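Chemist: Submitted below is the structure of interest, expressed as structure tokens.
All of the numbers you see were taken from the coordinates with simple rules; none came from a lab. Source: prediction; values computed, not measured. Cβ sites come from the backbone with ideal geometry, for glycine too, and all protein chains shown count toward neighbours.
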Amino acid sequence: MKKKISIIIAVIVVIALIAAAVIFHYLSNRTHFNEGYVNGNTAGNLYNGGLFCEYDGTVYFSNPSDGGKLYSMSPDGSNLAKLCDDTVSYINADEHYLYYVRNNPGATGAALSFLSVNTDSLCRIDREGGDDSVLILDSAPCLYASLYGNYIYYIRYDESEGSTLYKVKIDGSDCKQVDTAPDFTCSANGEYMYYNGTDSDHYIWRLNTTDDSKGMLYGGNCYMPTVIDDTTAYFMDCDNNYAIARTDLSTGEKTLLSEDRVDWYNLYGDYIYFQKNDSEHPCLGFMRTDGSDYTTLFEGNFKDITITSEYVYFRDFSTDQSYCVPLGSSAAPVAFEPGIVED
């Protein structure tokens, strides 16, 4: 009798241990969904490759000292930590996860070279990092990934469809095409995505990610719009040599903020940073969002202008050397070389 009781107890213990293991596995691997339409990065950062992303007092970035691998640091540059061995771009963050486009050496994706970068796959990782927590959301080549609540919208390439707008749920399910055009996903405000047309027009359109319906907001000739609170749009004005313009979306009134042709720009708070396209005197500059306080910061050709709460980061177009300068400062930029954290 005692032997039977011992066997029963042992079986119960084994079942309890198995159940605990199953529950632990489920809890540790389940996806934490967002309660609202959170967005993962700023429009300006995503237009410029999404190499930096700030969330809840931490900066997540593609470390130029370590082959572009995913790192984190404090906004002032301290507390450097390595999160995984993936080379990353288009970083997004929410309460539980980071999302990024993987661009590891030897990755496929040459068909996207016309968009200036070859990519491999769309990934998710725990905010604390760890290669073992990486989940591939889409293994196809992709660009311009942007978080809208519980979906990532992105430009996806395959041989049959070319480059088109896709979305995938943050657990990797419900991957589907949204539009046959490669619409920019960068400018987000909650559930709304703002982009310029690419097929028959360059108007500013708004897509509602709750049902993927869309409507036209502004009938201009625009490129890379950044829309603020559904009322004001900043964009590169194709009718005025790609100078930066601002328009009141309620009236349609447009204002040119400068006459400079720009290659790219990044709007953050009260500032607009931009790369001036000039055959004799190209430069990185900035101005206020009303066009005042125009400042030449650094002569030369630069790219990937990304901004956090304390610093502006950018790279030399020819050498890929990274630089940084305090936000709003006219001080001389310094090389950004954060170093490497060994595994």
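Chemist: Give the Debye-formula value of log10 I(q)/I(0) at each listed q (0.10, 0.14 Å⁻¹), with one equal scatterer per alpha carbon of the chain, two decimals each.
Modeler: Evaluating at q = 0.10, 0.14 Å⁻¹ gives log10 I(q)/I(0) of -0.60, -1.15.
Chemist: While we're looking at this one, here's another question. Which order results if GLU299, GLU159, GLU35 are arranged by neighbouring Cβ count within 10 Å, fewest first?
Modeler: Result, fewest neighbours first: GLU159, GLU35, GLU299.
Chemist: Sequence-distant or interchain residues sharing an amide H contact under 5 Å with SER258, placed H: which?
Modeler: Those qualifying (amide H under 5 Å, at least 5 residues apart or on another chain) are ILE244.
Chemist: Give the aspartates and glutamates whose C-alpha is closer than 13 Å to that of LYS214, dropping any in the same chain fewer than 8 places away, or say none.
Modeler: ASP179, ASP183, GLU191
Chemist: Now, a different point. If you rank ASP290, ASP230, ASP66 by fewest surrounding Cβ atoms within 10 Å, what's the result?
Modeler: ASP290, ASP230, ASP66
Chemist: On to the next question. When only C-alpha pairs under 8 Å and at least 6 residues apart count, what is the relative contact order of the stretch 257-337, in percent?
Modeler: About 19 percent, as a whole number.
Chemist: Could you list ARG246, ARG156 in order of exposure, starting from the residue whose Cβ has the fewest other Cβ atoms within 10 Å?
Modeler: ARG246, ARG156
Chemist: With labels modelled as points extended 7 Å from the Cα through the Cβ direction, what inter-label distance (nm, one decimal) is found for GLU342 paired with ASN104?
Modeler: 2.3
Chemist: Given Cα pairs under 8 Å that are at least 6 residues apart, what percent is the relative contact order of the chain?
Modeler: 12
Chemist: So, one more: Put +1 on the Cβ of every Lys and Arg and -1 on every Asp and Glu Cβ in the stretch 151-207; which of ALA181, SER163, TRP205 then has its Cα farthest towards the positive end of the dipole?
Modeler: Of the listed residues, the answer is TRP205.
Chemist: Could you tell me which residue out of GLY300, ASN266, SER139 lies farthest along the dipole of the chain toward its positive end? Charges go on the beta carbon: Lys and Arg +1, Asp and Glu -1, centred on the Cα centre.
Modeler: SER139
Chemist: Another question about this same structure. Treat every Asp and Glu Cβ in the stretch 257-337 as -1 and every Lys and Arg Cβ as +1, leave all other atoms uncharged, and give the resulting dipole magnitude about the Cα centre to the nearest 20 debye.
Modeler: Charge dipole, the stretch 257-337, about its Cα centre: 100 debye, nearest 20.
Chemist: Let me ask another. For the stretch 190-310, rounded, prolate or oblate, judged on the Cα gyration tensor with a ≥ b ≥ c (square roots of eigenvalues), a/c < 1.5 rounded, else prolate if a/b > b/c?
Modeler: Prolate, since a/c reaches 1.5 and a/b exceeds b/c.
Chemist: Relative contact order for the stretch 36-190 using alpha-carbon pairs under 8 Å, separation at least 6, rounded to a whole percent?
Modeler: Relative contact order comes out at 19 percent.
Chemist: Nearest 10 degrees is fine. How inclined is helix 2-29 to the longest principal axis of the chain, computing both from alpha carbons?
Modeler: Roughly 0 degrees, rounded to the nearest 10.
Chemist: Something else about it: Which ³J(HN,Hα) values in Hz, rounded to whole numbers, follow from the phi angles of the stretch 329-343 under the Karplus curve 6.51 cos²θ - 1.76 cosθ + 1.60, where θ = phi - 60° and Gly and Pro get x?
Modeler: Rounded to whole hertz, the list is 9, 9, 5, 5, x, 10, 4, 9, 9, x, x, 10, 9, 6, 5.
Chemist: Once the other residues with Cβ under 13 Å from the Cβ of LYS69 are scored (Lys, Arg +1; Asp, Glu -1), what is the net sum?
Modeler: Here the count lands on -4.
Chemist: Round to the nearest 0.05 the FRET efficiency obtained for HIS96 and SER139 when R0 = 22 Å and r is the Cβ-Cβ distance.
Modeler: 0.50
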